[in-house]
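The values are calculated or read from the model by the stated rules, or taken from the named source; none is laboratory data. What you are looking at is a predicted structure, and each value in this text was computed from that prediction instead of being measured. When we count neighbours, we look across all protein chains shown, and the Cβ atoms used for this are built from the backbone with ideal geometry, even at glycine. When the accessible area is computed, the model is the full protein with side chains, heavy atoms only, and any ligands, DNA or RNA have been set aside. Shrake-Rupley method; radii C 1.70, N 1.55, O 1.52, S 1.80 Å.
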Amino acid sequence: MPGTATFEERVRRRIRELEQDGLRRVLQVPSGIDLSSNDYLGLANHPRIKQRMAEAVLEEGCGSTASRLLRGERAILSRVERRFAAFKGNESALYFGSGYAANLSVLTTFLERHDTIFTDAHNHASIVDGIRLSRAKRIKFRHCNIDDLSRRMRSAPPESQRFLITESLFSMDGDFAPLADYSQLCRETGTVLIVDEAHAVGVYGSRGSGFIEQTGCTEGAFLSVDTAGKALGVCGAFVSGPAWAVDYLIQRARPFMFSTAPPPSIAAALDASISVIEEEPERRQRVRDLSAGLRATLTERGINIGRSESQIIPIILGDNERARVVAAELQSEGFDVRAIRPPAVSPGTARLRVSVNANLTETSLERFANAVQRVTQCSTVSS
Ligand SMILES: Cc1ncc(COP(=O)(O)O)c(C=O)c1O
């Protein structure tokens with residue numbers, strides 16, 4: 001009978017296999033110039049947001065003590081949900097402890113076994129996992145390819161309820177989904193559109209509410225999932241849409257029901273963060289300008305940045321080990337960039353995921369581009 005010794009040996013073997021494939025991860029605290037966080041607007045350290053959060057801890061305590069369905073509910077949290085819904089142009093919003101939990105909740109709550117969901121091949125793991133758990137029929141379409149999507153829609157079972165889920169700005173590619181086209185296709189085919197705005201909220205749209213706003217698709221998107229740990233600088237995520245849909249999430253979303261409510265101080269920080277986004281539009285303009293500059297410089301120098309059109313700029317290297325070595329060399333020069341390898345991206349497309357934030361300077365980005373050019377051309381790291 002297998003025992004704990006054989007179990008330990010099996011786990012150790014799996015770790016060795018990861019090592020051999022260049023896929024073993026290590027935890028590394030930040031050091032050097034931030035070119036890898038999702039703190040696009042530089043709000044994680046904003047004095048006004050920190051102050052509000054600290055005051056709320058002193059006023060309301062550390063923990064919420066229970067699920068929101070029990071004693072964990074707080075007025076400050078439902079207030080910030082109402083504020084976020086208005087910010088997105090939606091009727092209602094619900095806060096979740098993470099974007100991962102939000103996507104899992106949306107997909108497992110609304111999808112039923114005989115439904116069909118169309119999903120972009122590059123969608124985030126939280127979407128992939130949510131669809132798996134929902135047990136609906138999953139139809140993957142080619143990344144951002146509306147022709148492939150339309151073809152697959154035509155051959156899908158006509159009688160089932162259909163959904164389309166996409167990131168608006170793709171987390172590892174830095175390109176945008178053709179949201180206006182999707183929105184129209186969904187209208188024509190009776191498909192429910194769900195949009196993950198994780199990397200777009202705070203940065204795009206004239207009010208900073210995201211790419212749905214920028215493309216004028218508020219009416220076409222049924223639900224929006226907006227993480228609050230990236231440009232908003234705090235943590236968690238809002239799901240927003242019609243009030244009846246948000247009510248159904250409260251009734252049925254298991255990650256919401258069976259989990260302790262967030263600390264009230266998070267709601268205070270989020271409220272301050274939304275105020276900063278509304279009052280300091282120059283932050284989003286700055287991140288977009290800096291990103292455009294870096295994309296142009298890297299492209300001029302022959303660096304492969306894929307289809308990036310945003311503050312997320314992949315430097316595609318292909319081989320896992322090469323990505324690890326290039327990242328390590330750039331880190332040793334003071335740039336905090338990280339290698340991204342499967343399963344976060346497809347095999348053979350390992351990359352550095354460079355992300356630009358509003359606190360960077362043109363000079364540091366110029367130095368970074370020089371370093372990337374030198375390191376990627378250096379013979380010791382060629383694949
Ligand atoms: C597109 C996308 N959706 C959802 C998530 C999950 O959000 P969170 O980190 O808040 O769990 C991420 C996080 O990286 C993401 O990139």
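Grab the DSSP H runs of the chain that are 4 residues or longer, score each as -39,500 (n - 2.57), total them, divide by all residues and round the 222 nm result to the nearest 500 deg cm²/dmol.
So the calculated ellipticity at 222 nm is -14000 deg cm²/dmol.
Rounded, prolate or oblate: which fits the range 275-383 when a ≥ b ≥ c are the square roots of the eigenvalues of the alpha-carbon gyration tensor, with rounded for a/c under 1.5 and prolate only if a/b beats b/c?
Judged from the Cα gyration tensor, the range 275-383 comes out prolate (a/c at least 1.5, a/b above b/c).
Ignoring solvent entirely, what values of log10 I(q)/I(0) come out of the Debye formula for the range 164-256 at 0.12, 0.18 Å⁻¹ when each Cα is a single scatterer?
With one equal scatterer per Cα and no solvent, log10 I(q)/I(0) is -0.37, -0.82.
For S67, list long-range residues whose amide hydrogen, built 1.01 Å from N in the peptide plane, is under 5 Å from its own amide hydrogen.
Under 5 Å from the amide H of S67: G72, A261.
Between R113 and Q28, what is 0.36 nm times their sequence separation minus the Cα-Cα distance? Round to one decimal in nm. Can you show the working numbers first?
On the way: separation 85, 0.36 × 85 = 30.60 nm, distance 4.07 nm.
Working it through step by step, the gained length comes to 26.5 nm.
In a shell of Cβ-Cβ distance under 15 Å around K140, excluding K140 itself, what net charge do Lys and Arg (+1) and Asp and Glu (-1) give?
The answer is +2.
Got a sec? What order do D319, D147, D39 fall in by accessible area at 1.4 Å, biggest, i.e. largest, first?
Largest accessible area first, the residues go D147, D319, D39.
Going by the alpha-carbon gyration tensor, a ≥ b ≥ c the square roots of its eigenvalues, is the range 99-151 rounded (a/c under 1.5) or, if a/c is not under 1.5, prolate (a/b greater than b/c) versus oblate?
It comes out oblate by the Cα gyration axes.
Looking at the range 78-222, send over the antiparallel percent of its DSSP beta bridges, to the nearest 5.
That works out to approximately 5 percent antiparallel.
Once ligands and nucleic acids are excluded and a 1.4 Å probe is used, how much of S346 is accessible, expressed in Å² to the nearest 10?
The accessible area of S346 comes to roughly 60 Å².
At a probe radius of 1.4 Å, what is the per-residue accessible area of K137, in Å² to the nearest 10?
Per-residue accessible area (K137): approximately 100 Å².
Let me know the shape class of the range 1-74, please: from the alpha-carbon gyration tensor, a ≥ b ≥ c as square roots of the eigenvalues, rounded when a/c is under 1.5, otherwise prolate if a/b is greater than b/c, or oblate.
oblate
Please give the FRET efficiency for C62 paired with R254, using the beta carbon to beta carbon distance and R0 = 30 Å, rounded to the nearest 0.05. Each step should come with its number before you reach the end.
Numbers: r = 25 Å, r/R0 = 0.83.
Plugging the Cβ-Cβ distance into 1/(1 + (r/R0)^6) gives 0.75.
Among DSSP beta bridges lying fully in the range 149-264, give the percent that are antiparallel, nearest 5.
Details: 5 of 14 bridges.
Around 35 percent antiparallel, to the nearest 5.
Can you tell me, using C-alpha contacts under 8 Å and at least 6 residues apart, the relative contact order of the range 75-164 as a whole percent?
Numbers: 106 pairs, mean separation 24.5, N = 90.
It rounds to 27 percent for the range 75-164.
What relative contact order, as a whole-number percentage, does the chain give when Cα pairs under 8 Å and 6 or more residues apart are counted?
Numbers: 732 pairs, mean separation 89.2, N = 383.
Across the chain, relative contact order equals 23 percent.
How large is log10 I(q)/I(0) at q = 0.14, 0.16 Å⁻¹ when the Debye formula is applied to the Cα atoms of the range 1-142, each weighted equally and without solvent?
Values returned for q = 0.14, 0.16 Å⁻¹ are -1.14, -1.23.
Grab the other residues whose beta carbon is less than 9 angstrom from that of I127, score K and R as +1, D and E as -1, and report the net.
-4
Share of antiparallel DSSP beta bridges in the chain, in percent to the nearest 5? Provide the component values of the computation, followed by the final result.
Working: 18 of 38 bridges.
Once the DSSP bridges in the chain are tallied, antiparallel ones form about 45 percent.
For D173, D181, what's the largest-to-smallest order of accessible area, 1.4 Å probe?
D181, D173
Under a 1.4 angstrom probe, counting protein chains only, how are S206, S134 ranked by accessible area, largest first?
Details: S206 105, S134 15 Å².
Descending accessible area places them as S206, S134.
Apply the Kirkwood formula to the chain: the hydrodynamic radius equals the inverse of the mean of 1/r over all pairs of different alpha-carbon atoms; give it in Å with one decimal.
About 22.0 Å for the chain.
Net charge within 13 Å of A327 by Cβ-Cβ distance, Lys/Arg positive one each and Asp/Glu negative one each, not counting A327 itself? Write down the numbers at each step before the final one.
Details: positive: R25, R322, R324, R338, R341, R351, R353; negative: D319, E321, E329, E333, D336.
Local charge sum for A327: +2.
Below 17 Å, Cα to Cα, which lysines can K230 reach? Residues fewer than 8 away in the same chain don't count.
Cross-link targets: K50, K88.
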